[in-house]
Every structure is written in C-alpha cells, then in structure tokens.
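Worksheet: one structure, shown below.
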Amino acid sequence: MRKEAVAEPARDPDRYLVQRDGIFYYHRRMPAKMVGIDDRGRFIRKSLGTDERRLARAMRDKLEDADKTLWAVLLCGGEARSALDQYRDAVRRAEAMGVSYLSNGQVAGFQNVDSILKRVEALERVQAAPAVADALLGGVQVPPVKVSKAFDLYADEIMAHEVAGKSQSQRRMWKKVKQRAVNNFVALIGDKPIGDVTREDGLTFYRFWLKRIAPPPDIGAATHSASAGNRDLGNMRDLYRRYFAHLGEEQKGTPFDDLRFSERGKRRRKRPSFEPKWITDQIMRPGALASLDAQARRCVLALIETGTRPSETCNLDETVIFLDTPVPYIRITPREDADDPREIKTEWSVRDVPLVGVALEVFKKNPQGFPRYRNREEALSANLNKFFKTHKLFPTPKHKIYSLRHSFEDRMKEAGIDSELRKILMGPYDRACRVWYGRIVAMATRRTQKNCFAFRSRDRLSRSWTRSIAPISANQFLLLPFKTLVNREIRSSFVASLVDS
C-alpha cells in the first residue's frame, strides 16, 4: 500500500528572533553536536539593529544560513565547489565568526593590529578546518563573476531586505526595472566579469543613452527621457557598489559614478486627464462598459470617484473597506501579512478616502474588494487599457487608464478644493499637510452625520444606464453630482467622522 506523504510542519516565521527595547536580536541555542567545536558559547546572540519585523526576518535568514554553512564545514571539512560558491561560503563563514571577509592582501595590509588579532583569536576558539582559516585570513580569491550572474546574486540575496514587504507582482516589477539596465548594458558591452567593468565601459553606456536623450540635430528627435537614462545608470551603479560591498571588497568608486543626465528645466511628462464631459458622455454612457467583467467594470467606476491608483484599488480587501461608519471610506495602507505582504508607493500614500457617489455603490456590491485582480494589478491595467483602446474610450493615444486619477485631481481643483486636502486625498502629501490635517481633526466638533451624503438621485440615470453597469445600481441609487465631486461639506463631515471613530 502506498503511504501518503506527511506534510512538514510550518516553520515559525519568527524563529531565532527576540525583541528587546524595540530592537530585534538573532538569538539561538548552540546545537549540542557543535558544543566544543564552535566556541561561541551556549547561545548565539547578535543585534540586528532594526525594529522592522520584515527586515529582521530577512537578516535572520542570512545569519541562519551563515551558521549552517559554518557548522557544515567544521563537521566535515567542506568539499570541492565552484569558485563563486567557495567565495560566498567564505564570506558567510567570516560573518558567522563576527568579522567581515577580506582578501589576504587586505588582511596583510591592515593598519589596525586589533582587527588582525580578532581573526587569529577566532581561529583559536574553534577546531579550525582549512576552509574556516581561509575565510578568516582571506585565502579565497574573488571569482570572475559575469555581470548577469552578479545581478542574480543581487536580486536574490543582496537585496532580499528590499523586497521583503513586496507582493509577488511587486517583486516582479522591481526586478524587471533592474533587469532592463543589465540587459541594456550586456547587449552593448557584453557579459564580462563585473570586476573587469571599466570607466570606459561606463562612459560607453552613458553615450548610448545620450544619443537617445539628446541626439544631434541631424539624427532626429529624442526617443527617451533623461529619467530613463538616469534610471539605468543608477541601477548599474547600485549593482556594482552593492555587489562588491556584499563580498567585503572595499571600493573607492564605481565605473558609473557622476554619470547622470540633467533633468532641471525639463518639463515632466504628465499623462493627460479626461475631461468631465468625456467621462459622463463616453465612459459612463449606457452600455459603454457592459462587456467588461464585473470586477474590472466596478474598478473603473471606483477609480473615477476615488482618484486611487489602479494598483491600490484592486488590492483592497474587507479589512480596509469601511461601510458601517457614518461616512463610509476606504483605507490605503501597506498589507503587513507575512504570507501575503504588499507595499504602497510611498509612506505618504497612506490615507483614508471617503466613498461618495457611484464609488459607494461599488463597494456596497464588493465589500471584500476585487479578488479576481488582487495581486494582479498588471493584469487589471492591461485589461482596462486594451478595452478602452478597442472601444475608443480614450480621447487621444496618450491617455491611459491612470488618466482617471489625474481627472479626479483636476475636478477637485475646479471645485475649489484647497491644495492641502487635494494632497491628502491623492496620497503624496508631506509632513506639513499631516500637521495641517491633524489640526483640522482636533478642531472638528462632534456632530451627526445623518444627512451628510443625502444627495438627490439623478433623473438622468435611466434604467438602461444602470443596467449598463449592472449589478451596481440600486433602487435608491444616489450619485454625487459629478462636477462637485468632493466639496468643503464633504471634507468637514469626513474629518468629523474620524474624530468620532
């Protein structure tokens, strides 16, 4: 009889982590088989220097891996491996022994005698296998790793802390942007060892972008912006610097230092916004969105009335949708779930957005958000952009679905909304706005919210129109008059509701 496989118990996500005075520590008991071999004491304890749990977990994984590598070498003396693996293991062993890895030339050239003695004393504490001695005294040389392989290490290990709080789709996008710089460099220069990349290679890459950003008059118009070139140069600079810092190699600079295109005086490209008349007469006309799937259709209507980013909208769930409050609202905030994390664009994007008009009806129908597109913001944007283009719902080729966000901001300006509140509702507000907002909340009086959103129904909303966005409509469908959108009455009532909550 075939035995069923027994699932392994889930590992504790916070194993070997303790928190003291807000700071996380790596803390674990020395395995019994290593007592007398690894003389670091009964317990291994190291400050991680952070109070962020996600970052602490990423740093814990690195130290845990370093200890496993060290103990394996101490027990069996190691085995023949590739040059890169040997070098990476040497770095990990050195880290596990409490020192950074340096080549033997760097160790010999040390002016600090105490640092050399620290390494020798570490050898005396353990029954040093040759591999451990090599790790402490720099006996393993830096291997000739190609740029593409260095990027793999950069993305998978060196920058693990950077992506710890990102969702899978956010990780893909993060890596895609970085990978593009590497692909462009390798296509132009070749996949040479990263240690052999020269200043001339950096200048060649710079000139490659210069031709696209500021071509000579006889060549034609620019095809790319300065920010695109700066992004590639910056990503290559970061790869080079972090890679060698990770290997313990001291670097005075990189081949890409001080190579940057000026963006001063250049008008930033901004997506055009939809005119209110276009939204009401084209996007919201009867039947215009009928062939979209229900969740995508409702996402569009929510975007129109909230000004949120598509990625923010499709990742909302029941924990951040508040309908049973005097003033219903949604909360844009990071998702701090170890199994399903997600970041938002910036810390200043954390905000509460009141639900009015059609957006309120959308979330009454979708109180759990839009699970079909959760963690699939790329799919949502691609689907909507394709649909709008196919059905001629874009006024110009420059319009994108993101243009609805710009329309929301323009409509607030037309309604006379002050700049501070616009920043708060749009997301990228600063500390000054936060202080201003706090004062408004402090001064707001407690009052009844019963009639704050009692807008008259719009006779124009015929049954055929409500069917075109079905099943969003309700018998008593209330829609905020489009051109007022968010006014001072809404602002004050929303602020007061936060005080009462």
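Assign one of three labels to segment 148-227, namely rounded, prolate or oblate, based on the Cα gyration tensor with a ≥ b ≥ c the square roots of its eigenvalues; rounded applies when a/c is under 1.5, prolate when it is not and a/b is larger than b/c, and oblate otherwise. Oblate, since a/c reaches 1.5 and b/c is not below a/b. For segment 331-388, which GluC sites (Glu not before Pro) pass both filters: DSSP loop (anything but H, G, I, E, B) and at most 16 other C-beta atoms within 10 Å? Counting only loop positions with at most 16 other Cβ atoms within 10 Å, the GluC sites (Glu not before Pro) in segment 331-388 are Glu336. Inter-label distance, Thr204 to Asp21: 5.3 nm, where each label sits 7 Å from its Cα along the C-beta direction. A protection proxy built from the mean count of other Cβ atoms within 10 Å ranks the segments 324-330, 352-358, most packed first, as 352-358, 324-330.
Which pairs, out of Lys33/Lys62; Lys345/Lys365; Lys345/Lys389, put more than 25 Å between their alpha-carbon atoms? Table pairs above 25 Å Cα-Cα are Lys345/Lys365; Lys345/Lys389. Take the Cα coordinates of segment 249-375, assign each an equal point scatterer, and use the Debye formula without solvent to give log10 I(q)/I(0) at q = 0.10, 0.15, 0.20, 0.22 Å⁻¹. The Debye formula, applied to the Cα set alone, gives -0.47, -0.81, -1.19, -1.34.
Here the spin labels are modelled as points 7 Å beyond Cα on the Cα-Cβ line, and at Asp317 and Ala294 they lie 2.1 nm apart.
Neighbours of Glu343, meaning other residues whose beta-carbon lies under 9 angstrom from its beta-carbon, give a summed charge of +4 when Lys and Arg score +1 and Asp and Glu score -1. Annotation note: trypsin sites (Lys or Arg not before Pro) in segment 342-432 located in DSSP loop regions with a Cβ neighbour count of at most 16 within 10 Å are Lys345, Lys392, Lys398.
Only the coordinates and a few stated rules stand behind these numbers; no lab work does. Owing to the predicted nature of the structure, the values given are computational and were not obtained by experimental measurement. Virtual Cβ from ideal backbone geometry, glycine too; neighbours counted across all protein chains shown.
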